[in-house]
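Encoded as structure tokens, the structure appears first; notes follow it.
Nothing in this text is a laboratory measurement; each read-out follows from the coordinates by a stated rule. What you see is a predicted model; the values in this text were computed from it and never measured. Heads up, the Cβs are rebuilt from the backbone with ideal geometry, glycines too, and the neighbour counts pull from every protein chain shown.
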Amino acid sequence: MPRRHSPSPAPDLAASLVELGLTPAEAEVYAFLLSESPATGYRIAQAIGRPVGNVYKAVEALEAKGAALVADDDDHRVARAVPLAHFVARLRSRVQSACAAAQAAADSLAPPSPADFDDRLYRLANADQFIARARALIDDAATFILALGAPAAYDPIADSLVAAAARGIPVAIKSLIPLDLPGVRVIEDHRGETALFNAPGHWLSLNADGGQVLEAMLDPDTADVLTGYWTRHPLIAWTSYTGLYSRLILEDLRANPGSPVPTRGDPRWAPFEHPLSEGKRLMVERFRTPSPGARRSARRKREGDDS
């Protein structure tokens, strides 16, 4: 089934400028000056329908931000737009410098205390959060990555999955269509993209090391997050790992009906066998009651240390 994509709307210049840090008034003034420069504040105000006083304030702000040049012409003040490419280059340089300074300051801070048992579910409110958190989870992986999802949900993180495989992390995913992801083990879902017909959206389940979980449902038309969360909850991470692992094996058997059922240590799946995955390890440490023999051994060890 061919992939369908909604047409992208034409970009709005003023809205894009607001994303770059300009106020709505500054964005409108700058957008006007990009097409008609030089211009007086009065001329700009007439064209965009804003009060003259507000326009002059916007022009002053644009001059301070490096987006406009201002000159006095007899008894008039006129403004000319700095070319957008020059303005953006200046912004990029300032952002890069600010990012480097912030990172240096953050590196100087003491590391936070490990929160091994943080059982909170952190919601994912938008596509940017979804992509950033999914990429961070993949980058954090130390032993393996498992995933299943719809094609559109894999698109923004495909390069991160490939990069993880390239650094030696075993990665296995289930996909509704063939995906060309070098180093990643891609198991095709027997249902194909027809599975999307009755689905509430495009989903992704992602697990790293059995210790981190990301679940998200995306709008099929806009790719916005309908609902989603990220968590290190040990029980959720452990059960997610076992569920994904089992589903991947099942789909692999469906695709290869003559192949033997994998047993422990099977080279096809050994890289993903972690009986003490991160979530399970934390559950054992917190909740398992030691056997009487283990308690006696620990008591003798403590008494020996005290003597």
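Values computed for the structure shown
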item: Of all residues making up segment 218-258, the number that are part of a loop (DSSP other than H, G, I, E, B), surrounded by fewer than 20 Cβ atoms within 10 Å (Cβ to Cβ) and in contact (Cβ under 8 Å) with a residue 60 or more places away in the chain; result: 5
item: Gly201 being touching a Pro at 6+ places or on another chain (Cβ under 7 Å) and among the small types (Gly, Ala, Ser); result: yes
item: Index of the failed condition, Leu218 passing every other in (1) closer than 23 Å to Ala255 by Cβ; (2) among the aliphatic types (A, V, I, L, M); (3) in contact with a His (Cβ under 6 Å, 6 or more places away or on another chain); result: (1)
item: Residues located in segment 121-160, provided they are in a helix (DSSP H, G or I), touching a helix residue (DSSP H, G or I) at 6+ places or on another chain (Cβ under 6 Å) and closer than 21 Å to Gly210 by Cβ; result: Ala134, Arg135, Ile138, Ile157, Ser160
item: Count - residues of segment 164-193 that are assigned to a helix (DSSP H, G or I), surrounded by 16 or more Cβ atoms within 10 Å (Cβ to Cβ) and without any contact (Cβ under 8 Å) to a residue 40 or more places away in the chain; result: 2
